[in-house]
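Each remark here refers to the structure printed beneath this line.
The values are calculated or read from the model by the stated rules, or taken from the named source; none is laboratory data. Note that the structure is predicted; figures quoted are calculated from it, not measured. With ideal geometry, Cβ positions are generated from the backbone for all residues, glycine too; neighbour counts draw on all protein chains shown.
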Amino acid sequence: MRAMILAAGRGERMRPLTDQIPKPLLTVRGKALIVWLIEALSRAGIHDLVINHAHLGAALEAALGDGARWHVNIRYSPEGAALETAGGIANALPLLGAEPFMVVNGDIFCDFDFAALAQRSLGADLAHLVLVANPPQHPRGDFLLHGDRVQNRHDSGDTSDSGDMRTFAGIGLYDPRLFDGIVRGSKAPLAPLLRNAMATDRVSGEFHAGAWHDVGTPERLRQLDLGA
């Protein structure tokens with residue numbers, strides 16, 4: 001299976017740290033965030049990686065090279081201006097191929113088992129999402145998780161508290177057909193595509209109870225670096 005690491009964001013909330021350094025190259029415990037992910041994917045047997053970039057992309061390529069030092073093959077999908085999540089994935093489809101692929105946000109820190117995810121079959125689904133407990137900065141969550149099905153609360157018709165609202169971890173499997181309606185090179189967010197697929201019950205999911213951090217601000221980065 002191929003995997004894409006999303007690394008094109010500007011990291012506005014991380015400024016001034018990201019004025020000179022791409023957000024995925026910020027270090028946690030002596031190692032760049034994206035290197036933690038590359039090593040985890042390599043250990044999981046996922047060796048064919050695609051990384052998109054826009055802001056300071058040349059610095060990212062210079063730091064990571066072809067990935068040989070981590071026993072992976074890295075190919076890059078440059079974007080003149082960041083195309084948002086779905087736009088960036090659609091732009092990279094020629095590198096990702098016709099089979100389902102994994103996508104991971106380049107600014108998360110976690111102990112997720114990528115090997116198990118790589119063995120999962122989508123079947124008739126268009127996506128499989130990894131969800132986590134809602135962090136303090138995102139208490140309302142993103143989606144409902146009923147068993148192994150992911151839904152919008154609105155689409156589910158559930159107005160009670162019986163469903164479990166969870167936060168999308170920025171880790172998922174996708175069928176390339178999910179992106180059929182996006183013109184390559186255009187900007188497009190991912191959430192509307194996922195909600196459309198949820199409306200026809202074509203999104204599965206799982207809950208990750210282990211470590212997971214969205215490194216979105218300098219303070220969160222500092223706390224993580226300190227081991228908090």
Residues being in contact (Cβ under 8 Å) with a residue 60 or more places away in the chain and surrounded by 23 or more Cβ atoms within 10 Å (Cβ to Cβ) - total across the range 131-150: 3
Residue ID - surrounded by the fewest Cβ atoms within 10 Å (Cβ to Cβ), chosen from residues in the range 165-214 that are of a type in the set (A, V, I, L, M) and part of a loop (DSSP other than H, G, I, E, B): 209
Matching entry among 101, 112 (being among the aromatic types (Phe, Trp, Tyr), modelled with pLDDT of 95 or more, within 25 Å of residue 203 (Cβ to Cβ) and surrounded by fewer than 23 Cβ atoms within 10 Å (Cβ to Cβ)): 112
Verdict on residue 93 being in contact (Cβ under 8 Å) with a residue 24 or more places away in the chain, out of contact with any Lys or Arg (no Cβ under 6 Å at 6 or more places or on another chain) and under 29 Å from residue 227 (Cβ atoms): no
In the range 171-182, the residues that are in contact with a Gly (Cβ under 9 Å, 6 or more places away or on another chain) and either within 11 Å of residue 128 (Cα to Cα) or without any contact (Cβ under 8 Å) to a residue 12 or more places away in the chain (or both): 172
Residue list for the range 101-133, restricted to those being under 27 Å from residue 32 (Cβ atoms) and either basic (Lys, Arg) or assigned to a loop (DSSP other than H, G, I, E, B) (or both): 106, 107, 111, 112, 113, 133
Those residues of the range 49-89 which are within 16 Å of the chain's Cα centre (by Cα) and among the acidic types (Asp, Glu), in sequence order: 84
